[in-house]
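Report on the structure given below.
The values are calculated or read from the model by the stated rules, or taken from the named source; none is laboratory data. Remember, it's a predicted structure, so these values are computed and weren't measured experimentally. Cβ placement follows ideal geometry from the backbone for every residue including glycine, while neighbour counts extend to all protein chains displayed. Side chains included, ligands, DNA and RNA excluded: accessible areas come from the protein's heavy atoms. Shrake-Rupley method; radii C 1.70, N 1.55, O 1.52, S 1.80 Å.
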Amino acid sequence: MKALLKKLIGADRPKVIAVIGLTRGEVEAGIAHARTSGADLPIRSWCAEDGATARQVRRDLQTLWPALTIVAWTGAKQHAALKLTAFTVPPFRVVVFNEALGFFAAKPGPIAAHASRRFRNTTSNFLHLTGGWLYSIAYRSAQRLRDIATLAYALFLEILARIAPLLPEPKLVGQVTDLPSRPAPGEAGTTYTTLILSGRSWPQSKLKKVLSKSKADFLILQTPSETNDPQPLLDQAIKTKAFATARQIAYTGWRTQLLNKHPFRRLQPGEIAEVFAPWSNQIAIRRDLFAEIGVPKATTTGAALMLLFWKAALAAWKSYAIGNDAPITQEPAMPLEDREFVLRVPPSPQPGHRARGNVAFSPAQSRPFRGLPRILIVSPYLPFPLSHGGAVRIYNLCGALSTEFDFILACFREANETVRYPELHEVFRAVYTIDIDEKHPDATVPKQVAEYRNSAMGRLIRTLCVEGEINLVQLEYTQMAEYRNSAGDVPVLLVEHDITFTLYRQLNDPAAALWQEFEREALRCSNAVWTMSGHDRAIALENGASRRTTVVVPNGVDLQRFQPQPRETVGPAVLFVGSFRHLPNLLAFEALRNTIMPAIWREVPECRLNVIAGPDHERAAQLARKMPLLAKDPRIAVQGFVEDVRPAYRECDVVAIPLPVSAGTNIKLMEAMACGRAIVSTPVGCQGLELIDGKELLIREIGPAFAEGLLRLLKDTEGRNAVAATARRTAERRFGWEGIAKDAVPSILNAARLPSRAASASEFHESHKFAGSASQNTSV
């Protein structure tokens with residue numbers, strides 16, 4: 001009976017331990033647990049990964065007696081029938097394990113506990129998933145709302161920007177004054193942190209966090225698209241002890257601005273200019289000074305930066321724009337930012353508008369002072385290149401005196417001129433160039449004087465005299481005489497390149513009387529006066545100059561540079577040198593072309609006339625209504641500015657100087673003498689030089705006599721060579737810059753109220769408390 005029952009229920013079949021899992025890992029875990037049972041029974045396994053199905057497992061188990069069945073319930077939702085197969089085959093002894101390898105008997109209690117845990121986990125996961133989804137929806141919605149708000153705010157600002165130009169121009173209230181100079185900021189390191197400024201709105205809270213947390217030396221504010229390395233900005237800020245530096249991206253030109261944000265013109269690479277509120281794609285600002293001022297409250301970035309730089313100017317801290325190779329345009333108007341700035345700026349005090357961006361210099365080229373007396377040269381023109389006689393004089397005389405004195409140059413730069421800083425710094429320890437950005441019409445002074453009135457130049461002179469320990473201010477040319485009022489207590493030396501009113505008198509110009517009145521006052525009020533000749537000195541004394549302090553410091557020539565050279569070409573040639581921008585030179589060429597050379601060509605038709613007419617000669621001829629003088633003629637070669645005139649002197653037989661009027665002394669005549677060339681000049685062309693007619697040159701009036709003199713020298717080679725040789729010897733004896741400089745030293749020391757040359761440099765250093773040879777140029 002017992003055997004029959006076993007057969008009926010299948011207990012007579014082979015006993016095994018069955019393991020059912022969905023993955024091979026689950027099967028391996030079930031087998032490992034089966035081996036811990038201690039039963040010496042074979043183990044059979046089925047795995048869904050290997051293709052086992054519920055039907056197959058049930059069919060196989062019906063041929064066996066599963067003494068124990070181990071089933072994996074690890075939370076997978078697949079193959080539910082397979083996991084329940086063990087409950088359909090006797091003897092129904094089943095052990096279940098979960099994903100944590102927790103094994104439990106398949107009885108109602110443990111299964112209920114397992115189902116409860118599974119439900120809780122599922123519910124928790126659902127709530128977590130639902131919560132995350134809801135949070136994500138909320139976050140994205142908030143982000144969308146923020147984006148919409150930002151867009152609306154930007155649109156609002158854009159609308160305001162469109163409306164702003166229609167409103168009255170903003171005005172700064174209160175009195176504009178020059179503030180007393182304060183010490184420059186202290187030294188700074190090279191570390192920096194960067195903040196990206198995107199859009200028009202000012203990130204006030206973000207900036208406060210950056211300033212409070214960062215320990216960097218500089219804060220870099222830049223646009224998202226900016227990729228330039230900020231290191232050059234840091235280098236200039238450290239060198240000049242600036243509050244801020246920025247890469248130039250625009251120029252102001254003649255646009256009227258509330259505050260200057262850009263230089264007046266395009267700067268040369270490496271050139272820098274002080275501006276009030278530098279605006280750029282990349283700005284380096286001293287972080288410690290920024291934190292000291294505080295983050296301005298503003299809506300727009302432009303207004304905030306103007307407020308920031310306003311406060312920096314009140315503290316007398318300077319900001320610079322730096323020239324580079326990148327393309328720039330004229331600055332756009334910023335009416336919205338300007339109006340917000342005016343609404344937010346305190347009523348007073350106001351810093352003076354000294355930072356207009358029209359005073360430029362090159363810190364990389366500047367040279368340290370050496371403890372020598374400092375002389376500030378103030379010139380209406382750049383002294384290099386040597387494009388006219390005044391430039392030749394200033395550059396060469398200062399060069400010859402540079403072993404005795406430290407020279408500083410402050411000069412005006414004409415439009416489109418390139419400043420040759422390397423050559424200028426061979427002579428001058430510091431060089432400042434000023435662009436004329438003001439117009440001051442004044443009928444009470446000569447036109448040229450009014451043209452060179454410029455508040456930036458006056459302020460620069462005052463600052464250098466106060467901060468730069470200047471011993472003497474040397475004003476080059478009569479039209480600069482008004483700047484004596486900017487020198488304060490520093491003595492002023494007026495260099496009269498010519499007695500200007502005498503030139504206008506020769507031209508029968510009505511301005512002669514105005515020039516004489518102005519020049520008389522300049523001569524009386526200057527501490528010392530230099531003239532080019534004894535003739536000019538006598539006129540200066542007649543017009544109020546002091547006999548004791550008015551001395552002759554003549555023009556000269558660089559004898560090493562200008563030397564006799566043999567001709568390399570053949571054929572008779574006459575040379576005329578003179579910038580057409582100086583009217584007497586244009587009149588001289590007119591006489592030469594229309595009156596003198598026709599007489600030459602009648603006897604020497606193959607003679608060539610070579611002309612060096614200086615920069616912008618065509619425009620000068622046009623303004624003087626002398627364009628017919630530039631009509632083509634195969635016998636005449638006209639050149640503009642020539643960097644080196646020596647080849648022109650070498651390839652001529654005679655130099656013609658048919659000046660109908662002149663003042664001062666003629667440097668080009670001295671250059672011709674030094675080059676060993678025969679010269680024919682009018683009396684005024686060589687006045688003041690005390691040259692002997694027929695020995696050192698031929699002196700003839702314009703007309704047939706002048707033509708006869710040229711013909712004589714062209715035809716008489718021996719006579720021509722004799723005059724040329726004598727001219728060279730005279731130049732060597734009288735016109736060398738070294739000798740002229742040596743004779744000028746006592747006059748400079750006397751004008752500057754300095755010890756004589758017998759005093760040693762160390763005595764001078766002690767008595768004047770100079771900073772010493774390691775001192776650096778004053779940044780202005």
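What is the sum of charges around Val419, taking Lys and Arg as +1, Asp and Glu as -1, for the other residues whose C-beta is under 15 Å from the C-beta of Val419?
-2
Ordered by packing density, taken as the mean number of other Cβ atoms within 10 Å over each peptide's residues, highest first, how do 452-463, 663-674 rank? Before the final figure, lay out the partial values.
Values: 452-463: 20.3, 663-674: 26.2.
Averaged packing, sorted descending, gives the order 663-674, 452-463.
³J(HN,Hα) across region 745-755 via Karplus (A = 6.51, B = -1.76, C = 1.60, θ = phi - 60°), whole Hz, x for Gly/Pro?
4, x, 5, 5, 4, 5, 5, 7, 6, 10, x
Starting with the highest mean, order 624-635, 39-50, 373-384, 227-238 by the number of other Cβ atoms within 10 Å, averaged over the residues of each peptide. Can you show the working numbers first?
Numbers: 624-635: 11.8, 39-50: 15.6, 373-384: 23.2, 227-238: 17.1.
Top of the packing list down: 373-384, 227-238, 39-50, 624-635.
If Lys and Arg each add +1 and Asp and Glu each add -1, what is the summed charge of the other residues whose beta carbon sits under 13 Å from the beta carbon of Arg729?
Charge balance in the 13 Å sphere: +2.
Taking a spot 7 Å from the Cα of Ala76 along the direction of its beta carbon, which residues of region 17-33 have an amide N less than 16 Å from it?
Within reach of a label on Ala76, which here means backbone N under 16 Å from a point 7 Å along Cα→Cβ, region 17-33 contributes 19-31.
Of Ala303, Phe589, Ser455, which is farthest on the positive side of the dipole of the chain, counting Cα position, with +1 on Lys and Arg Cβ, -1 on Asp and Glu Cβ, and the Cα centre as origin?
Going by the charge dipole, the pick is Ala303.
Number of Lys-Lys pairs in region 217-343 under 16 Å by Cα, sequence gap 8 or more or different chains?
Counting lysine pairs in region 217-343 gives 5.
Please report the spacing between the Cα centers of region 219-287 and region 455-494 in Å, no decimals.
Rounded to whole Å, the Cα centres lie 28 Å apart.
Among 554-562, 434-442, how do they line up by average Cβ neighbours within 10 Å per residue, starting with the highest?
The densest-packed peptide leads the list: 554-562, 434-442.
Please work out the average accessible area per residue across region 295-412, using the 1.4 Å probe convention, and give it in Å².
Per residue, region 295-412 has 28 Å² of solvent-accessible surface.
At 1.4 Å probe size, with every protein chain present, just tell me what the per residue accessible area of region 440-531 comes to in Å².
38 Å²
Local charge sum around Thr193 (other residues, Cβ-Cβ under 13 Å, Lys/Arg +1, Asp/Glu -1)?
+4
What's the FRET efficiency of Lys715 with Leu343 using the Cβ-Cβ distance as r and R₀ = 56 Å, to the nearest 0.05?
Values: r = 83 Å, r/R0 = 1.47.
So, using R0 = 56 Å, E works out to roughly 0.10.
Hey, what's the per residue convex hull volume over the C-alpha atoms of region 211-327, in cubic angstrom? Write out the running numbers ahead of the final one.
On the way: hull volume 13.4 nm³, N = 117.
Dividing the Cα hull volume of region 211-327 by its residues yields 114 Å³.
In deg cm²/dmol and to the nearest 500, what is the mean residue ellipticity at 222 nm of the chain if only DSSP H runs of at least 4 residues count, each as -39500 (n - 2.57), divided by the residue total? Could you put the intermediate results ahead of the total?
Details: 26 runs with 294 residues, N = 780.
After summing the helix terms and dividing by the residues of the chain, the value is -11500 deg cm²/dmol.
Convert 4 °C to kelvin, take the viscosity as 1.567 mPa s, use the Kirkwood radius over C-alpha pairs of region 364-406 as Rh, and evaluate the Stokes-Einstein diffusion coefficient in µm²/s, rounded to a whole number.
Here the translational diffusion coefficient equals 113 µm²/s.
In whole Hz and in residue order, list the ³J(HN,Hα) couplings for region 696-707 that follow from phi through the Karplus curve 6.51 cos²θ - 1.76 cosθ + 1.60, θ = phi - 60°; x for Gly and Pro.
9, 5, 9, 10, 9, 6, 4, x, x, 5, 5, 5
Among Val661, Ala67, Leu424, flag the residue with its Cα farthest along the positive direction of the charge dipole of the chain, charges on Cβ as +1 for Lys/Arg and -1 for Asp/Glu.
The residue sitting farthest along the positive end of the dipole is Ala67.
Go through region 77-107 and name the chymotrypsin sites (Phe, Trp or Tyr not before Pro) that are in a DSSP coil and have 15 or fewer other Cβ atoms within 10 Å of their Cβ.
Values: sites: Phe87, Phe92, Phe97, Phe103, Phe104; in loops: Phe92.
Loop-located and lightly packed - Phe92.
Two decimals is fine: what is log10 I(q)/I(0) at q = 0.17, 0.21, 0.24 Å⁻¹ for region 290-376, from a Debye sum with one equal scatterer on every Cα and no solvent?
For the requested q values the scattering log ratios are -0.93, -1.19, -1.34.
On a C-alpha basis, how far is the centre of region 47-95 from the centre of region 537-583 in Å? Whole number, if you could?
Answer, in whole Å: 119.
Which listed residue (Thr190, Gly51, Ser280) has the Cα farthest towards the positive end of the charge dipole for the chain, taking +1 on Lys and Arg C-beta and -1 on Asp and Glu C-beta about the Cα centre?
Of the options given, the answer is Gly51.
Shape of region 506-582 from its Cα gyration tensor (a ≥ b ≥ c, root eigenvalues): rounded if a/c is under 1.5, otherwise prolate when a/b > b/c, or oblate?
Note, shape of region 506-582 comes out oblate.
Under the classification rounded if a/c is under 1.5, otherwise prolate if a/b is larger than b/c and oblate if not, where does region 563-710 fall, given a ≥ b ≥ c as square roots of the Cα gyration tensor eigenvalues?
It is rounded, given that a/c, with a ≥ b ≥ c, falls under 1.5.
Quick one: grab the alpha carbon gyration tensor of region 351-477, order the square roots of its eigenvalues as a ≥ b ≥ c, and give me rounded if a/c is under 1.5, else prolate or oblate depending on whether a/b is larger than b/c.
Since a/c reaches 1.5 and a/b is larger than b/c, the shape of region 351-477 is classed as prolate.
State the Kirkwood hydrodynamic radius of the chain in Å, one decimal place, computed from all pairs of distinct Cα atoms. Walk me through the intermediate numbers first.
Details: mean 1/r = 0.0296 Å⁻¹.
When all Cα pairs of the chain are included, the Kirkwood radius is 33.7 Å.
Taking the Cα centre as origin and putting +1 on Lys and Arg beta-carbons and -1 on Asp and Glu beta-carbons, what dipole magnitude results for region 51-118, to the nearest 20 debye? The partial results should precede the final answer.
On the way: 9 positive and 2 negative charges, 32 e Å.
Charge dipole of region 51-118: 160 debye, to the nearest 20.
Express the accessible area of region 534-677 per residue in Å², computed with a 1.4 Å probe while the remaining protein chains stay in the model.
Per residue, region 534-677 has 44 Å² of solvent-accessible surface.
Could you check how much of the accessible area of the chain is carbon and sulfur, as a whole percent, using a 1.4 Å probe?
Whole-percent figure for carbon plus sulfur exposure: 55.
Amide H neighbours of Ile17 under 5 Å, at least 5 residues apart or on other chains, H built in the peptide plane: list them.
When sequence neighbours closer than 5 places are left aside, the close amide H contacts are Ile43, Arg44.
How big is the charge dipole of the chain about its Cα centre, in debye rounded to the nearest 20, if each Lys and Arg gets +1 on its Cβ and each Asp and Glu gets -1 on its Cβ?
Charge dipole, the chain, about its Cα centre: 5280 debye, nearest 20.
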